[in-house]
Amino acid sequence: LLMLASHNLLQNFTAGVPEHHCRPHPLPNPSALPLHVLIPSDGHQQPQRCRRYVEPQANANINANANGAPTEPCSDGWTYQDGIFSHTIITEWDLVCESKRLRQVAQSIYMGGILLGSGLFGVLSDKFGRRALLSWCYLQLGVTGAGTAAAPTFVTYCLGRFLTGLAMAGVSLNSACLCTEWVPTEALATVGTVNGYCYTLGQFVLVAMAFGLPHWRWLQLAISLPFFLFFLYSWLFVESARWQVIVGRPDLALKGLRKVARVNGRKEEGDKLSEEALRTLVRREPPPPGGALVALVANPGMRTVSCGVSFIWFSTSFAYYGLAMDLQGFGVDIYLSQLVFGAVDIPAKMVSALVISCLGRRVAQGGSLALAGACILANVFVPMELQLLRMALAVLGKGSLAASFNCAYIFSGELFPTVIRQTGMGLASTMARVGGLVAPLVLMATDVTPFLPLLIYGAAPIGAAIAASFLPETRNRALPETLEDVERR
């Protein structure tokens, strides 16, 4: 989980946009001419990014363009200034001016991979098991992540990112599900918070690696290679005993439980277990008509859970990535911005864990979403000149969304029954990825109305907070095993 943040937030650094302007016309000695003679200035006395003079203008000066002088697009390419973003996918494939939206498209394609993987691996792991799918996803992520670092074209890069996103969904889903089905209910809040802090720490790791490896290809490779190590040690994991009993393999569940007992120094207790005892502990129920997907909406209780959880995950992810993927827009050093955005998760998740344990899952979920929406909407009314205030509100909003994610993993896992828990978590994750996919595209609305993206990002969590109030509280209650258990709630 430590390395998930590195891939999810990678394009803040690999797709950073440096200052740039049109490459001037090929002249015998262009360096002898001042730049403002060749390139018109913008409103901030900087060279325009996407236009150049058709002919050098002797009467142009730094503060004003040549009156009525004809200009043209950058048909000979661009000149990029050296700096922290001198080697990115932007500079390599000229994703600027008419092609600038491809930057957001690339991130949406990655989120599209996570979207597809959320549905695909959710269903497959209910059929083939959590551990096997998790190991496969580690391997796939290592291979496709490293392959993306060698992409010769932008299209190949997008394909590699899509396949990486596909595997990322499997890692996230199966990690959460294994924890939910192995860890005692009273300890889930603590374990979920520890897992959340691993993701938070990963944001600091990303900043350090991006600072040390400014070339996007080396950074892409560095955050992908560790997954080969994760693949090797994942074979030490033990498959979910709950899942094995549910699918009719109590013999494998018994073997796994006895292994756990030996590791925990409880061998005698493990030897006392039997297959019959396991069958009585975990009730089996025949597959619902139409399969696991149909079961998500099979009765009123499941429909309430499925719709509420879907809206919560969509809104949290939508607003989270809307803020986290636009760090350059705050006008503050991007490394500092990423550090602050990561650091706020530490107190946010701690408060979230306390509220989850003391006041309940529903209060924590709704409260964090409402606070996040309020902070984002408040920024609509703050002038652009007050950068520190805007940054503070954005950081508070992002911390609240991190707390919402922390709660959502725990709350959702306790709402769905064991027989379709991974399918339900797959639905939740799918909706989160839809939110993550749409979020970068909403940023394009800035060209129409500057405050419109913030208005949309803020409204979604407010609506999700209302939806959370319709879900049942799960604190100190046993995990539901069957659809009837959910309906009785």
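I'm checking my understanding of the structure. Among residues of region 445-489 that are of a type in the set (Phe, Trp, Tyr) and open to solvent by 20 Å² or more (accessible area, probe 1.4 Å), which one is farthest from Thr316 (Cα to Cα)? Spell out how you get there, then give the answer.
Restricting attention to region 445-489, the residues satisfying the condition of being of a type in the set (Phe, Trp, Tyr) are 451, 457, 470.
Subsequent filtering for residues that are open to solvent by 20 Å² or more (accessible area, probe 1.4 Å) retains 451, 470.
Numbers: Phe451: 19, Phe470: 17 Å.
Ranking the qualifying residues of region 445-489, first place goes to Phe451.
Which residues, counting only those in region 84-106, are on the phi > 0 side of the Ramachandran plot and open to solvent by 30 Å² or more (accessible area, probe 1.4 Å)?
Residue satisfying the conditions is Asp94 alone.
Would you check which residues across region 224-241 are part of a helix (DSSP H, G or I) and either crowded, with 23+ Cβ neighbours inside 10 Å or out of contact with any Ser or Thr (no Cβ under 7 Å at 6 or more places or on another chain) (or both) and list them?
Once the filter is applied, which keeps residues that are part of a helix (DSSP H, G or I) and either crowded, with 23+ Cβ neighbours inside 10 Å or out of contact with any Ser or Thr (no Cβ under 7 Å at 6 or more places or on another chain) (or both), region 224-241 yields Pro226, Phe227, Phe228, Leu229, Phe230, Leu232, Tyr233, Leu236, Ala241.
Do we find a residue being at pLDDT below 85 and not hydrophobic (A, V, I, L, M, F, W, C) anywhere in region 367-380? Full working, then the answer.
As a first pass, look at region 367-380 and keep what is at pLDDT below 85: 379-380.
Pick out the ones that are also not hydrophobic (A, V, I, L, M, F, W, C) and you get 379.
The answer is yes, given that some residue of region 367-380 is at pLDDT below 85 and not hydrophobic (A, V, I, L, M, F, W, C).
Within region 288-297, how many residues turn out to be at pLDDT 75 or above and surrounded by fewer than 19 Cβ atoms within 10 Å (Cβ to Cβ)?
Final tally of qualifying residues: 3.
Scan region 398-436 residue by residue and report those that are under 13 Å from the mean Cα position of the chain (by Cα) and of a type in the set (Val, Ile, Thr).
Thr430, Val434
Between a residue in region 470-481 that is in the same structural domain as Gly308 (by the TED database) and among the basic types (Lys, Arg) and any residue that is at pLDDT 80 or above and surrounded by 14 or more Cβ atoms within 10 Å (Cβ to Cβ), which pairs come within a Cβ distance under 7 Å, given they are 6 or more apart or on different chains?
From residues that are in the same structural domain as Gly308 (by the TED database) and among the basic types (Lys, Arg), the pairs are Arg475/Gly360; Arg475/Arg361.
Can you tell me which of Phe411, Phe405 is closer than 25 Å to Arg489 by Cα and either of a type in the set (Asp, Glu) or open to solvent by 20 Å² or more (accessible area, probe 1.4 Å) (or both)?
Of Phe411, Phe405, the one residue that is closer than 25 Å to Arg489 by Cα and either of a type in the set (Asp, Glu) or open to solvent by 20 Å² or more (accessible area, probe 1.4 Å) (or both) is Phe405.
Identify, please: which residue in region 207-223 is under 17 Å from Arg161 (Cα atoms) and part of a helix (DSSP H, G or I) and is, among those, most open to solvent (accessible area, probe 1.4 Å)?
Trp218
Let's see how each residue does on (1) within 21 Å of Arg361 (Cα to Cα); (2) open to solvent by 60 Å² or more (accessible area, probe 1.4 Å); (3) at pLDDT 80 or above; (4) in contact with a strand residue (DSSP E or B) (Cβ under 8 Å, 6 or more places away or on another chain):
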residue: Ser274; (1), (2), (3), (4): no, no, yes, no
residue: Ala277; (1), (2), (3), (4): no, no, no, no
residue: Glu285; (1), (2), (3), (4): no, no, no, no
residue: Gly301; (1), (2), (3), (4): yes, no, yes, no
residue: Thr316; (1), (2), (3), (4): yes, no, yes, no
residue: Ala324; (1), (2), (3), (4): no, no, no, no
residue: Gln328; (1), (2), (3), (4): no, yes, no, no
residue: Gln338; (1), (2), (3), (4): no, no, no, no
residue: Asp345; (1), (2), (3), (4): yes, no, yes, no
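State yes or no: is Val442 under 20 Å from the mean Cα position of the chain (by Cα), open to solvent by 10 Å² or more (accessible area, probe 1.4 Å), at pLDDT 85 or above and not acidic (Asp, Glu)? Before the answer, list the steps.
On the way: under 20 Å from the mean Cα position of the chain (by Cα): yes; open to solvent by 10 Å² or more (accessible area, probe 1.4 Å): yes; at pLDDT 85 or above: no; not acidic (Asp, Glu): yes.
Answer is no for this residue.
Can you spot a residue in region 234-245 that is more than 25 Å from the chain's Cα centre (by Cα) and hydroxyl-bearing (Ser, Thr, Tyr)?
There is at least one residue in region 234-245 that is more than 25 Å from the chain's Cα centre (by Cα) and hydroxyl-bearing (Ser, Thr, Tyr).
Being at pLDDT below 85, surrounded by 14 or more Cβ atoms within 10 Å (Cβ to Cβ), in contact with a Phe, Trp or Tyr (Cβ under 7 Å, 6 or more places away or on another chain) and assigned to a helix (DSSP H, G or I), is that true of even one residue in region 180-187?
Taking every residue of region 180-187 in turn, at least one turns out to be at pLDDT below 85, surrounded by 14 or more Cβ atoms within 10 Å (Cβ to Cβ), in contact with a Phe, Trp or Tyr (Cβ under 7 Å, 6 or more places away or on another chain) and assigned to a helix (DSSP H, G or I).
Only one of Ser172, Ser135 is at pLDDT below 90, assigned to a helix (DSSP H, G or I) and open to solvent by less than 20 Å² (accessible area, probe 1.4 Å); which?
Ser172
Would you please list the contacts, defined by Cβ atoms under 7 Å and residues six or more apart or on different chains, that run from a residue in region 122-143 that is aromatic (Phe, Trp, Tyr) to a residue that is surrounded by fewer than 18 Cβ atoms within 10 Å (Cβ to Cβ) and modelled with pLDDT under 90?
The qualifying pairs do not exist here.
The values are calculated or read from the model by the stated rules, or taken from the named source; none is laboratory data. Quick caveat: nothing in here was measured; it's all calculated off a predicted structure. All Cβ positions, even for glycine, are placed from backbone atoms using ideal geometry, and neighbour counts span all protein chains on display. With ligands, DNA and RNA removed, areas are computed over all heavy atoms of the protein, side chains included. Shrake-Rupley method; radii C 1.70, N 1.55, O 1.52, S 1.80 Å.
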